[in-house]
Amino acid sequence: MKYEGKTGEYFEVTDITAENCQILKASRKSELSLLWFEDDTELIIDTVHHQFKKNQFAFLTEFHKLQTKKVSNLKLLRFNRPFYCILDHDSEVGCKGILYYGSSQLPVLCPEKEDLLRLEKVWNMLCFEMESRDNLQLEMLQMMLKQVLILCTRIYKKQENFERIDLEKADILRQFNYLVETHFREKHSVSEYANLLNKSPKTISNLFKKLGDKSPLQYIQDRIMLEARRLLHHSGLPISEIGFEIGFNDVQAFSRFFRRMEGISPSDYRNSEPEGKIANSSGIST
């Protein structure tokens, strides 16, 4: 089911099977996707092999590079910026820097039974509204989408222990995540992002410690590596240009960084099969 508005709005809710799974790779400019897995599914996303379980959710942007390995049944929700811009409406859904535009690792949700029941209810209402054809359909679909995103954001925060910090500090972390997504090509240090946030590097590091073991520097480096892997496997750019694209002044510096993070050289990685790492199927990828 698809909604296409007069000024470029696009919204899609589709059941995906092995027969039509090529739809997953057809994302267009500014589109964001939500995948709800109804059976065990295997996908390669940004060269990482993910094994998803029933009733897990994953969130993709137009920049994710996806290949299908094993697909049986899943639900796809996809929308573009003209339909609903999560950046312009961050105060309404609060998913910027969490579900979209801010994770160096693929956000994967594992809803508990009660959360799943809520999502199913909203999803069914959304599918019902897709059948409407009156002048209020756009507003109703946007309302249903917001409910889905808000529910997923709450699940993510609970799953990732955001209750350990207050709302203001959680927003600082979200903003940090989004700033890394925006500036990782030219800013590689924690202090640069701390300056943008008018905070000290120590304040940022302490916030990360409350949520887990990953430091803000590791977060920045993981985002740089994600882009490096994408470009090495999905572009024809020379390795020197890839290094320059993500902020390294010379190919030797990029090669040293890549080898330290990945364990092999950029050229060896480019020549390898694009599924060298196995994601953690129980939750957030590793």
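A few notes on this one:
- From Tyr193, Tyr219, residue being within 30 Å of Glu112 (Cβ to Cβ) and surrounded by 18 or more Cβ atoms within 10 Å (Cβ to Cβ): Tyr219
- Where Phe52 falls short, out of the listed (1) within 14 Å of the chain's Cα centre (by Cα); (2) of a type outside the set (Val, Ile, Thr); (3) within 17 Å of Leu99 (Cβ to Cβ): (1)
- Here Phe59 fulfils each of the conditions (1) touching a helix residue (DSSP H, G or I) at 6+ places or on another chain (Cβ under 7 Å); (2) assigned to a strand (DSSP E or B) apart from (1).
- Hits in region 92-129 - residues which are within 19 Å of the chain's Cα centre (by Cα) and surrounded by fewer than 15 Cβ atoms within 10 Å (Cβ to Cβ): Glu92
- Any chance Glu42 is touching a residue at least 24 places away in the same chain (Cβ under 8 Å) and over 30 Å from Phe176 (Cβ atoms): yes
- Being buried (at least 23 other Cβ atoms within 10 Å of the Cβ) and under 21 Å from Arg230 (Cβ atoms) holds for only one residue in Leu66, Leu43, Leu74, and it is Leu43.
- Test: residue in region 69-85 that is of a type in the set (S, T, N, Q), touching a Leu at 6+ places or on another chain (Cβ under 8 Å) and modelled with pLDDT of 95 or more: yes
- Residues of region 4-23 that turn out to be more than 19 Å from the chain's Cα centre (by Cα) and outside any strand (DSSP E or B), as a count: 10
- Flag if Cys85 is surrounded by fewer than 17 Cβ atoms within 10 Å (Cβ to Cβ) and within 27 Å of Ile220 (Cα to Cα): yes
- So Leu138, is it at pLDDT 90 or above, assigned to a helix (DSSP H, G or I) and not assigned by TED's automatic domain parsing to the domain that holds Leu196: yes
- Any hit, region 251-270, residues being surrounded by 14 or more Cβ atoms within 10 Å (Cβ to Cβ), modelled with pLDDT of 95 or more, charged (D, E, K, R) and in a helix (DSSP H, G or I): yes
The values are calculated or read from the model by the stated rules, or taken from the named source; none is laboratory data. Given the structure is predicted, the values throughout are model-derived calculations rather than measurements. Using ideal geometry, Cβ is built from the backbone for each residue, glycine included, and neighbour counts are taken over all protein chains shown.
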